[in-house]
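Working notes, beginning with the structure itself.
The values are calculated or read from the model by the stated rules, or taken from the named source; none is laboratory data. Just so it is clear, the structure is predicted and the values come from calculations on it, not from any experiment. Here the Cβ is made from the backbone with ideal geometry for all residues, glycine too, and neighbour counts use every protein chain on show.
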Amino acid sequence: MSKVLEGIRVLDFGRYIAGPYCATLLADLGADVIRIEKVDGSEDRFVSPVTKTGDGAMFLQLGRNKRGLTLNPMKPEGREIVKKLVATADVVVANLPPDTLSAMGLDYESLTQIKPDIILTMISAFGRGGPYSNRVGFDGLGQAMSGNMYMSGTPDQPVKAYAPFIDFGTASLSAFGTLAALYERKKTGRGQIVEGALFNTALTMMNATAIEQQALQVNRTATLNRSQTSGPADTFQTKDGWILIQTVGGPLFKRWAELMGEDHWLEDPRFKDDISRGDNGEIISNRLAQWCADRTNEQALREMENARIPAGPILSPQDVLNDPHIAAKGLFQPVEFPGLPNTAHILQTPVELSDTPGEIRRRAPTLGEHTEAILQDLGYTDTEIAGFHDQRIV
């Protein structure tokens, strides 16, 4: 089966999530991705360790389909290796500060002197051009500074989402931009800079809220899990757990009223449209909370499904591993890794292509696993490579 990005080489200088997952998506589609990290291992390799050597759960996910090279690009010999790598590459992915990129010879001007049609996918917290340009930051800052945290939790306690969705969103948008740049290069022969920023991604996800605020000055505050623009839409406790129920639009609200056996909801002007139902959502949630309290998760979800109302259980991580839909679709692929007590359940490429799907072809690399082979391909001898090891260049 052909691969969409077969023949494309990507140098992954990314760290943590946004850069590395961008490169992971490209690797899933067939690109030859070389993950380049510090000689002793970069910090993101060791987040949430699951092996005795400290390899982390996140690295097992984001390192898949990549070859691993250790390198110190701050030493002259390391800079020369970078130049030789760039000469063979199509894309460089880096989420590093601009001054660090320059020091490593990874700024766009330096790259194009080596490979004129190179594509540089650079990712930062805030992007270039504004007063925050040189600030460092993680996913949480995007959540905090976009209005998302303000609108989560309660007015007394803003809440950050556990999942780093801004990081993964930025990675996905950056991969999208990289694919667009590759397509353009095929037409024109020219490379370019693809720039992603956590703040841009976070603002994209909160843009509708900002538009509403500018237009109407509604000054919304957080209401935990209850929607403010439709209803019923909230989390509800049952006899044996929690479920989430979401409705948007008149037809779904009508189905809900019929399920309750209470047509008066449809005649009350407080609930005449989505925004009115959101404004009075606490009344609707209180009624549905009483209904859910008399049922188990299974009973409530079965009745919701019979009424074709979107609802689902709130699952623990172990529940997710046991979920029958995930098993039936084979969404998790068991992958072995040295030192791991059992297989890692790694999610397949989340976008499914019918003819040229992404796939997990290889596990994440151990530290520096492919260093010798990559350097040999660049023309270095075994003696030279041994010297690099002695000098801690690789």
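Odds and ends about this structure:
Let's see how each residue does on (1) under 28 Å from Q213 (Cβ atoms); (2) of a type outside the set (F, W, Y); (3) surrounded by fewer than 18 Cβ atoms within 10 Å (Cβ to Cβ); (4) over 16 Å from the mean Cα position of the chain (by Cα):
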| position | (1), (2), (3), (4) |
| --- | --- |
| R128 | yes, yes, yes, yes |
| Q143 | yes, yes, no, no |
| T178 | no, yes, no, no |
| Y183 | no, no, yes, yes |
| K187 | no, yes, yes, yes |
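- Residue in the stretch 251-269 that is in a loop (DSSP other than H, G, I, E, B), on the phi < 0 side of the Ramachandran plot and crowded, with 17+ Cβ neighbours inside 10 Å present: no
- Selected residue (criterion: farthest from A171 (Cα to Cα)) from residues of the stretch 317-366 that are of a type in the set (V, I, T) and part of a strand (DSSP E or B): V335
- Residues of the stretch 352-394 that turn out to be under 22 Å from I326 (Cα atoms) and touching a Ser or Thr at 6+ places or on another chain (Cβ under 9 Å), as a count: 6
- Matching residues in the stretch 299-333 - criterion: being more than 30 Å from R363 (Cβ to Cβ) and either surrounded by 14 or more Cβ atoms within 10 Å (Cβ to Cβ) or among the small types (G, A, S) (or both): Q299, A300, L301, E303, M304, A307, I309, A311, G312, P313, I314
- Summed over the stretch 373-394, the residues that are in a helix (DSSP H, G or I), surrounded by 14 or more Cβ atoms within 10 Å (Cβ to Cβ) and in contact (Cβ under 8 Å) with a residue 40 or more places away in the chain give a count of 3.
- Selected residue (criterion: surrounded by the fewest Cβ atoms within 10 Å (Cβ to Cβ)) from residues of the stretch 334-372 that are more than 20 Å from D55 (Cβ to Cβ) and small (G, A, S): S354
- Pick from the stretch 25-47, criterion touching a residue at least 60 places away in the same chain (Cβ under 8 Å) and within 17 Å of the chain's Cα centre (by Cα), ranking: nearest to P365 (Cα to Cα): R45
- If you go through the stretch 1-58 and keep only what is among the hydroxyl-bearing types (S, T, Y) and either in a helix (DSSP H, G or I) or within 25 Å of A197 (Cα to Cα) (or both), you end up with Y16, Y21, T24, S42, S48.
- Pairs, first on the phi < 0 side of the Ramachandran plot in the stretch 89-117, second among the aromatic types (F, W, Y), C-beta under 7 Å, six or more apart: V92/F13; V93/F13; A94/F13; L96/F13; L106/F13
- Scanning the stretch 184-208 for residues that are of a type in the set (S, T, N, Q) and over 22 Å from F138 (Cα atoms) yields a count of 2.
- Index of the failed condition, K3 passing every other in (1) closer than 30 Å to P350 by Cα; (2) in the same structural domain as I166 (by TED's automatic domain parsing): (2)
- Residue match in the stretch 221-238 (condition: part of a loop (DSSP other than H, G, I, E, B), under 14 Å from A300 (Cα atoms) and either in the same structural domain as N306 (by TED's automatic domain parsing) or without any contact (Cβ under 8 Å) to a residue 60 or more places away in the chain (or both)): yes
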